[in-house]
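Before any comments, here is the structure.
The values are calculated or read from the model by the stated rules, or taken from the named source; none is laboratory data. Worth saying up front: this structure is predicted, and the values here are computed from it rather than measured. Positions of Cβ are backbone-derived with ideal geometry, glycine not excepted, and every protein chain shown enters the neighbour counts. With ligands, DNA and RNA removed, areas are computed over all heavy atoms of the protein, side chains included. Shrake-Rupley method; radii C 1.70, N 1.55, O 1.52, S 1.80 Å.
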Amino acid sequence: MGRQPPFPGRWVSAVALIAGPALLMTGILLRSRFHFFFPDQLAAYTRQPGLVTAAYACFACGVILLCPAVMTLAHRIAATRPLWGLWGGCLVIAGLFTRTFQYGTDHLAFHLTDGLGLPAMIGGIEHYYAAWRDTQVHPFRTLSGAAFAGWIVLAVGAYRSGALGLGRSVALGLMSALALGTLKGTQIPQSVIAAGGLCVALVPLGISLLRDGPPPSRRAVFWLAVVIAWLVLGAAFGSALPFTRG
């Protein structure tokens with residue numbers, strides 16, 4: 001467990017391993033009260049836009065943080081099982097890109113609902129799903145299978161390499177049960193089981209990385225504070241810029 005990830009480094013890896021699964025679970029739980037199918041998700045947005053927006057944002061941030069988290073685990077796997085680490089990591093990350101793309105369609109659909117109304121958007125998403133099924137070649141349709149199979153490959157590699165024990169490897173593989181698609185909400189119980197398995201598999205690894213080394217230097221803390229302040233200021237004042245308004 002003492003191997004340090006060369007990229008993205010110990011601190012980024014540890015935070016991603018802990019916060020990625022936690023944010024994913026938070027998003028899943030926040031929207032668990034609503035039926036998972038897209039008409040119900042759109043209807044929930046019209047009734048509780050703040051809650052639904054927060055749920056989807058947490059889920060999306062969790063997906064983004066899982067990218068460096070998976071890189072870290074794939075590096076540990078590749079130390080003894082290079083092909084398992086390579087294919088498991090690449091397939092899972094490709095699946096994470098697919099989920100990020102679909103969050104963009106979720107975000108657009110919610111905000112179009114504000115202007116077009118619920119009935120129009122339900123019809124629009126129905127048409128979108130029909131067109132998606134009829135599309136013969138689309139990069140993210142092609143990568144959809146990776147979102148499911150990649151977790152199995154990564155879990156097998158984690159067990160065979162010794163990066164994770166049997167129980168945590170099985171828990172990691174449960175992520176293959178997480179539904180994929182535009183405006184797909186929480187499916188009970190499989191979504192909670194999948195995210196729970198991810199927490200069991202990755203969070204202890206992140207905690208061990210935090211403990212396995214010295215604390216950050218003052219210089220590192222300073223630059224972290226600068227980056228956080230820059231991000232906060234950008235979020236606070238970005239909407240005031242002329243080019244951000246229609």
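Things to note:
- For the chain, the percent of C-alpha pairs falling in each 10 Å distance bin, counted from 0 to the bin holding the largest distance, reads 7, 28, 31, 23, 9, 1.
- Between the helical axis of 118-134 and the longest alpha-carbon principal axis of the chain there is an angle of about 60 degrees.
- Simple label model, 7 Å out from Cα along Cβ direction - W230 to R211, nm: 3.4 nm
- Net charge of Cβ neighbours under 13 Å - reference R160; Lys, Arg +1; Asp, Glu -1: +2
- Going by accessible surface with a 1.4 Å probe and the largest first, H127, H111, H75 read H127, H111, H75.
- When M71, M175 are compared by accessible surface with a 1.4 Å probe, the order from highest to lowest is M71, M175.
- Helix axis angle, 38-47 relative to the chain longest principal axis, alpha carbon, degrees: 80 degrees
- Computed accessible area, S176, all protein chains, 1.4 angstrom probe, square angstrom: 40 Å²
- Using the Cβ-Cβ distance between F101 and I193 with R0 set to 25 Å, the FRET efficiency works out to roughly 0.55.
- Per-residue ³J(HN,Hα) for segment 164-172, Karplus 6.51 cos²θ - 1.76 cosθ + 1.60, θ = phi - 60°, Hz, x for Gly and Pro: 10, x, 4, x, 6, 5, 4, 4, 4
- Exposure ranking of V156, V70 by accessible area [1.4 Å probe, largest first]: V156, V70
- Here the spin labels are modelled as points 7 Å beyond Cα on the Cα-Cβ line, and at A179 and L166 they lie 3.3 nm apart.
- Cβ-derived FRET efficiency at R0 35 Å, F148 paired with V221, nearest 0.05: 0.30
- Degrees, to the nearest 10: 49-78 long Cα axis against longest axis of the chain: 30 degrees
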